[in-house]
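Only the coordinates and a few stated rules stand behind these numbers; no lab work does. Every value quoted in this text rests on a predicted model; they were computed, and no experiment measured them. Positions of Cβ are generated from backbone atoms using ideal geometry, with glycine treated the same way; all protein chains shown enter the neighbour counts.
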Amino acid sequence: MKNELKAYIEKMSALIESGNITKEQLNSMLVSIGFFQHERLIHLLVTLAFAVMTILSLLMTVQEFYFIPLFVLFLALEVPYVFHYYRLENGVQKLQRMYREAEEKVKK
């Protein structure tokens, strides 16, 4: 998803900078933003679920030390999810700014 988002941002950025964006392309961009926002929401829920499981496993580890592998596993999974969500969040926000910019160019 990271590469797909990055490629789409580059494509739309070049299109907007050239000033040759049409209403159809603008509508297509809006649909794509919706898809990326949905992906972002799903990853937010997964990230939050792993955060809760990580905290619960930490609490269990305090009581019984044999839960340490479970805590390490959840922590090892949580860190990449946070970074992936961070990239998605920033990419979607950048697309939204680009959409507003393109919308102004189409109006002119």
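Within the range 86-108, the set of residues being over 18 Å from LYS23 (Cβ atoms) and aromatic (Phe, Trp, Tyr) comprises TYR86 only.
Conditions tested, residue by residue: (1) surrounded by fewer than 13 Cβ atoms within 10 Å (Cβ to Cβ); (2) out of contact with any Asp or Glu (no Cβ under 7 Å at 6 or more places or on another chain).
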site	(1), (2)
SER18	yes, yes
GLU24	yes, yes
SER32	no, yes
HIS38	yes, yes
LEU45	yes, yes
ALA51	no, no
VAL72	no, yes
GLU78	no, yes
